[in-house]
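Inspection log for the structure reproduced underneath, given as structure tokens.
Where a number appears in this text, it was derived from the coordinates with a stated rule and is not lab data. These figures come from a predicted structure and were not determined experimentally. Backbone-built Cβ (ideal geometry, glycine too); neighbour counts: all protein chains shown.
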């Protein structure tokens, strides 16, 4: 089940926000033994990986580390907290293809509905449409959006309602 943070009951914690300090050391200390933690949203500061450096790290296999806390609790960290969709991926699942095709359809609708407003050249899909694709797919994951705090929104330079990335940002 995809839900808001209740780290002590989760078997898998994946963050996708693109913000900092989403999974904190306190969260990780309260997680289950052998929880799997990963990031698809930002640099390794989305998960407070730096706070784990003084703990025991055991490499399980490439891009998979087991971190042991002083109390003996263990955590599996994917891609050292970096983008696991790049570090751990081996192909293109149908869900990713669905998102890509939805982007294409929304782009075609945008061009058709705003006929004459675009010149014959290449454009980047506006962020509000890209984020619409994400919203359309959340239900299939059983997920829902939560709202950014004021500090989180300020950190990434957006309003809490989005769009959540500047127009120049490339996914």
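What percent do you get for the relative contact order of the range 52-120 when only Cα pairs under 8 Å and 6+ apart count? Write out the running numbers ahead of the final one.
Values: 48 pairs, mean separation 11.3, N = 69.
Reported as a whole number, the value is 16 percent.
The stretch between residue 113 and residue 68, if pulled fully straight at 0.36 nm per residue, gains 10.7 nm over its current Cα-Cα span. Label-to-label distance, residue 169 versus residue 76, with points set 7 angstrom from Cα along the beta-carbon direction: 2.9 nm. With contacts taken as Cα pairs under 8 Å at a separation of at least 6 residues, the range 24-169 carries a relative contact order of 17 percent. The Cα atoms of the range 94-155 define a convex hull whose projected area, averaged across directions, is 6.0 nm².
Compute and list, largest first, the equivalent-ellipsoid semi-axes of the chain from the alpha carbon gyration tensor, each √(5λ) rounded to a whole angstrom. Don't skip to the answer; put the middle values down first.
On the way: eigenvalues 240, 59, 42 Å².
The answer is 35, 17, 15 Å, longest axis first.
As an equivalent ellipsoid, the range 12-87 spans semi-axes of 18, 14, 10 angstrom, where each value is the square root of five times an eigenvalue of the C-alpha gyration tensor, largest first. Note on residue 32/residue 121: beta-carbon distance plugged into 1/(1 + (r/R0)^6) with R0 of 45 Å gives a FRET efficiency of 0.30.
For the range 65-127, the calculated P(r) over all alpha carbon pairs, in 10 Å bins from 0 to the bin holding the longest distance, is 16, 26, 22, 18, 11, 6, 1 percent. Distance from a point 7 Å along Cα→Cβ of residue 161 to each backbone N in the range 110-151: keep the residues under 20 Å and list them by number. Flagged as within label range: 126-136, 144-151. So if R0 is 22 Å, what FRET efficiency would residue 45 and residue 11 give, r being the distance between their Cβ atoms, rounded to the nearest 0.05? Efficiency, from the Cβ-Cβ distance: 0.40.
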